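The values are calculated or read from the model by the stated rules, or taken from the named source; none is laboratory data. All values reported here derive from a predicted model rather than from experimental measurement. Note that we place each Cβ from the backbone using ideal geometry, even for glycine, and neighbour counts take in every protein chain shown. Ligands, DNA and RNA are excluded from the accessible area calculation, which covers all protein heavy atoms including side chains. Shrake-Rupley method; radii C 1.70, N 1.55, O 1.52, S 1.80 Å.
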Amino acid sequence: MAFMIAQRAFIKLYLITMVEQHRGYGYEMLEEMKQEFKDYGYVPPQSEIYRALHELVQQGIFYRTKKLKGNDPKVDFQEIVLYHFTDDGAEKAELYKKQVKTDLDRCLGMLHKAEQDNYGTKGR
């Protein structure tokens, strides 16, 4: 068993939630995660975001579609890749999220114990 939750598992958790909320494409998800975790000093690596998205596609949770970024095809040439759940992807994603929740709970318990044992504080 790993010491703490793996970075890619952490990223996948957020990517799944973003797709559940119909938010964005890869780069937009990256920027949103950077903003969310800026106060904690964590910047998710772009390469890890795309590796995680690729794995979620390989695992049959997501599929990709392409679309032009803007609304005018005569001027907007940038194509973006959007991610969606496969037919059974939402069920697979829910199972994955349950597994990650177990890891998160274990890690939180370890962190709270370390804080209490070494700094004499009670878990918050």
Using alpha carbon centers only, region 101-122 is separated from region 1-65 by a whole-angstrom value of 24
Number of Lys pairs in the chain closer than 16 Å at Cα, excluding neighbours under 8 places apart unless interchain, is 7
Residue separation between Y63 and H22 times 0.36 nm, minus their alpha-carbon distance, gives in nm 13.4 nm
Candidates for Rg/Rh (Cα atoms, Kirkwood Rh) are (1) 0.95; (2) 1.15; (3) 1.07, and the calculated one carries label (3)
Between the Cα axis of helix 46-58 and the main Cα principal axis of the chain, the angle (0 to 90°, nearest 10) is 80
Everything considered on the Cα gyration tensor (a ≥ b ≥ c; rounded for a/c under 1.5, else prolate if a/b is larger than b/c, else oblate), region 12-82 must be described as oblate
Helix 26-37: inclination vs the chain longest Cα principal axis, degrees, rounded to 10, gives 30
Extension length gain for R8 and H112 (0.36 nm per residue less Cα distance), in nm, is 35.2 nm
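If contacts are Cα pairs under 8 angstrom and at least 6 residues apart, what is the relative contact order of the chain in percent?
25
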Charge tally for neighbours of Y27 with beta carbon under 11 Å away, counting Lys, Arg as +1 and Asp, Glu as -1, is -1
Taking r as the C-beta separation of E31 and T102 and R0 as 22 Å, the FRET efficiency to the nearest 0.05 is 0.15
Taking Cα atoms, the helix 89-119 axis meets the longest principal axis of the chain at an angle in degrees (rounded to 10) of 30
Checked region 83-124 against the a/c 1.5 cut and the a/b vs b/c comparison, axes a ≥ b ≥ c from its Cα gyration tensor; verdict prolate
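Once neighbouring chains are kept in place and the probe is 1.4 Å, which whole percent of the accessible area of the chain is contributed by carbon and sulfur?
Within the chain, the accessible surface is 53 percent carbon and sulfur.
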Net charge near I11 (other residues with Cβ under 11 Å of its Cβ; Lys, Arg +1; Asp, Glu -1) is +1
